[in-house]
Amino acid sequence: MTGETILVVEDEGLIALHLTELLEKAGFVVKEPAYSGEMVLRDLGKSPLPDLILMDIALAGKLDGIETARQIRQQFPALPLIFVTAYSPERTLERLQDLEPDGIIVKPFEDTDLLSLMKKALRR
C-alpha cells in the first residue's frame, strides 16, 4: 500500500512536520498540512479529495477538529478519518463516537501503531 494521499490537519508545526515525514517515508503522498478547520473545509471543495484525513482535535481558528470532522462527514461520508489527539477525557471521546471515526490515536503514539491504524482504515 503506497501512493495514497493523506491530509494532515494539525496546528502544531513540529507535529505536522513529523507526521508528514513519517507518512512520506512510508510511501504516502502528503498534501500541504492544514492548521485550521476553516482551511480544511475551504480546501476540500477545491482540490481532489485525499484518501484519508488525520485530524487533531485542538486546532487554530473557530472550529475544533470534532466540529470540522462533523462537517466533513456531512459532505463526504465515506472519507476515512482518524483523530490524532492529546485529548482523552471521556467527554471528548464521547463527542468523537457519534462521528464514527475510522480510528483514534492518542499522542504520544508509536509510529507503527499509527501506520497500522491507517492501513486498516484505508482497506475499509
Sum of -39500 (n - 2.57) over DSSP H runs of 4+, divided by residues of the chain (222 nm, nearest 500): -13000 deg cm²/dmol
Placing each pseudo-label 7 Å from Cα in the direction of the beta carbon, Asp113 and Gln71 end up separated by a distance in nanometres of 3.0 nm
Label model pair Ser47, Ala60: point-to-point distance (7 angstrom along the Cα→beta-carbon line) in nm is 1.6 nm
Considering all alpha-carbon pairs of the chain, what whole percent are spaced by more than 27 angstrom? 7 percent
How much accessible area per residue does region 1-87 have, counting only protein heavy atoms and a probe of 1.4 Å, in square angstrom? 48 Å²
Give me the extension gain from Glu100 to Glu21: residue separation times 0.36 nm, minus the current Cα-Cα distance, reported in nm with one decimal. 25.7 nm
Can you tell which of Lys25, Lys62, Lys46 shows the greatest fluctuation in a Gaussian network model of the chain with Cα springs below 10 Å? Lys46
Given a cut-off of under 8 Å on Cα pairs at least six residues apart, what relative contact order in percent is computed for the chain? 23 percent
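The values are calculated or read from the model by the stated rules, or taken from the named source; none is laboratory data. Since the model is a prediction, treat every value here as computed from it, not as a measurement. Because the Cβ atoms are built from the backbone with ideal geometry, glycine has one as well, and the counts that use them run over all protein chains shown. Just so you know, the surface numbers come from the protein's heavy atoms only, side chains and all, with ligands and any DNA or RNA stripped out. Shrake-Rupley method; radii C 1.70, N 1.55, O 1.52, S 1.80 Å.
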